[in-house]
Amino acid sequence: MNACVQALTQLLGASNVLTEGDLSSYELDWRKRWRGRALAVVRPGSTEEVAAVMRLCAQHKTAVVPQGGNTGLVGGGITDTSGSQILLSLRRLTQVRQVDAANLTLTLEAGCVLAQAQQAAAQAGLLLPLSLASEGSCTIGGNLASNAGGTQVLRYGNARELCLGLEVVTPAGDVWNGLSGLRKDNTGYDLRHLYIGSEGTLGVITAAVLRLAPQPVARMTAMATCQRLADAVRLLELAQHVASSLLTGFEVMNTLSLALVRKHFPQLSQPLPPSPWTVLLELSDGESPSHAEAVFNTLLERAQAQGVIQDAAVASSMAQSNTMWHVRESISLAQSQEGLNIKHDIALPISCIPVFDEQAGALLASHMPGIRVVNFGHLGDGNLHYNVQAPLGVDPVRFLQEQEGPVNQIVYDAVQRLGGSISAEHGIGQLKCSELQQRKSPVELDLMRSIKRALDPASLMNPGKVLAP
Ligand SMILES: Cc1cc2nc3c(=O)[nH]c(=O)nc-3n(C[C@H](O)[C@H](O)[C@H](O)COP(=O)(O)OP(=O)(O)OC[C@H]3O[C@@H](n4cnc5c(N)ncnc54)[C@H](O)[C@@H]3O)c2cc1C
């Protein structure tokens, strides 16, 4: 047996150092795009055990790939195929350490599944305002390591903005306890922000303090249709003026997105007829249901009077609201059923989104007539999932193989021209490593490499991810 694996087995016991059997839930990613082969899957149960694992791996010069719920979409939590890297699963670190109602914070371990963390907050009558379609499986550690976004960023911010403190194990096996939960702390460099979004390349997040919010007393959800994407942007502007901080969700979907949901999930009722663009918007109110309704009605009336929306359907029950969200969240699945596609998770200044859609759409159509753009996403955050599907009748596997490079080039060039980002929320992982290399300035890449060298001098943390070797 490999000496490192032997030492790890002595430390954690054979049941927590897996080297054989079906390891595909750890070695194969959610999209089934990357399959790694790990030296061992190691499952510590506490921060102290994580620290001991890291000390042993450092001693044996063995690389470590941290993994939470394995729902990441860029291959960041998957080992390479050499059989020489340890896959460090944090899923056994599941303690909720403290709910502090007066401080509005939740302190919990990295392996807690997001849905369980939301429940822990709800049990104290509070809201953990982080919500993703993968919340039944993804973990807090993974959310922070990838700076997850989701559907409430518009009001509450992304994982970074919700995090007030971290506990991190360094590659050398030291524990940094930064679980202060302070809202103000100007005592030098804020290390927390280096680890958030670092995708496991700098250290292992073992616990965090998250910011909570009061539970809203009323929620209003509606779908509305627009003729043009520019109208959806105008509706967003109007909603921000009329509803201000009550606006918690603003999603946009093009006609093809909803057509695919109709085709593959005909049982899901869609309240409005097909339209070039459909918006899903939500208000959350701390005052009263009647206040929420009054604000919502004012917004929709003004939008209709200004010709921004054509039609609107307001959910009259929680069940209807859930169905509207279900429709939105089924787009990715409907797309998978339609066949492999080229995914983009891009950010742009909101004001540039209609121009981007026009420019990229025209370039793609002339590159390959019949190409299908499934454009949907968190318009309120300037974040689009701009996915590209093969023309009807073209084999999706061949399409992905032959067209991923040229299509990415067209889309990312258009993004870059308008000052956007090639990754709004999914991260870089192994998927976008070379793209990052090409598109960041040499100064920025140098600064990033200096940080990596300073915090992980032996380059043992998640090698080959984010920064190309
Ligand atoms: C259906 C679906 C919907 C999704 N929707 C969204 C969305 O709306 N918004 C969004 O942002 N993402 C979304 N995602 C992507 C994914 O769910 C999130 O990125 C999530 O935050 C990943 O959490 P995880 O625990 O599964 O992390 P993993 O997939 O296990 O890991 C992700 C990255 O974090 C690192 N990592 C994991 N745990 C730790 C740790 N404790 N310490 C250090 N590094 C660690 C890994 O090495 C890897 O690089 C979605 C995914 C799916 C499958």
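Subtracting the Cα-Cα distance of residue 320 and residue 6 from 0.36 nm times their residue separation leaves 107.6 nm of extension gain.
With helices as the sole contributors, the chain gives -11000 deg cm²/dmol at 222 nm; each DSSP H run of n ≥ 4 counts as -39500 (n - 2.57), and the sum is divided by every residue. If both residues of a DSSP beta bridge must be in the chain, then about 85% of such bridges are antiparallel.
Estimated at the nearest 10 Å², the accessible area of residue 277 is 30 Å² with a 1.4 Å probe.
Take every pair of alpha-carbon atoms less than 8 Å apart whose residues are at least six positions apart; their mean separation over the length of the chain yields a relative contact order of 15 percent. Per atom type, segment 235-325 shows carbon and sulfur on 53% of its accessible surface, probed at 1.4 Å.
In the full protein context, segment 115-209 carries 40 Å² of accessible surface per residue, based on a 1.4 Å probe and ignoring ligands, DNA and RNA. Each Lys and Arg adds +1 at its Cβ and each Asp and Glu adds -1 at its Cβ; summed about the Cα centre, the chain shows a dipole of about 600 debye.
How many percent of all Cα-Cα pairs in the chain sit more than 34 Å apart? So the pairs more than 34 Å apart make up 37 percent of the total in the chain.
Farthest towards the positive end of the charge dipole of the chain, among the residues 315, 377, 325, is the Cα of 377, using unit charges on the Cβ of Lys, Arg, Asp and Glu.
Segment 172-245 and segment 85-110 have Cα centres spaced 17 Å apart.
For the peptides 140-148, 424-432, 226-234, 401-409, the ranking by packing is 140-148, 424-432, 226-234, 401-409, with the highest mean count of neighbouring Cβ atoms within 10 Å listed first.
Taking each residue as 0.36 nm, the span from residue 100 to residue 298 lengthens on full extension beyond its C-alpha to C-alpha distance by 67.6 nm.
Computed from phi, the 3J(HN,Hα) profile of segment 257-273 under the Karplus parametrisation 6.51, -1.76, 1.60 (θ = phi - 60°) reads 4, 6, 5, 5, 5, 4, 5, 8, 10, x, 6, 7, 7, 9, x, 10, x Hz, with x in place of Gly and Pro.
Computed about the Cα centre, the dipole magnitude for segment 70-171 is approximately 80 debye when only Lys and Arg (+1) and Asp and Glu (-1) carry charge, each at its Cβ. Placing a pseudo-label 7 Å from each Cα along the Cα-to-Cβ vector at residue 61 and residue 447 gives an inter-label distance of 3.3 nm.
Taking a sphere under 11 Å around the Cβ of residue 143 and counting the other residues whose Cβ falls inside, with K and R at +1 and D and E at -1, yields a net charge of -1.
The residue among 84, 12, 214 whose Cα reaches farthest toward the positive pole of the charge dipole of the chain, with charges on the beta-carbon of Lys, Arg, Asp and Glu, is 84. At a Förster radius of 45 Å, what calculated FRET efficiency corresponds to the Cβ-Cβ distance of residue 237 and residue 459, to the nearest 0.05? That pair, residue 237 with residue 459, gives E of 0.45. Among 171, 389, 119, pick out the residue whose Cα is farthest towards the positive end of the charge dipole of the chain, where Lys and Arg carry +1 and Asp and Glu carry -1 on C-beta, about the Cα centre. Most positive-ward Cα: 171.
The values are calculated or read from the model by the stated rules, or taken from the named source; none is laboratory data. Remember, it's a predicted structure, so these values are computed and weren't measured experimentally. Here Cβ is always computed from backbone atoms with ideal geometry, including for glycine, and neighbour counts include all displayed protein chains. Only protein heavy atoms, including side chains, enter the accessible area calculation; ligands, DNA and RNA are left aside. Shrake-Rupley method; radii C 1.70, N 1.55, O 1.52, S 1.80 Å.
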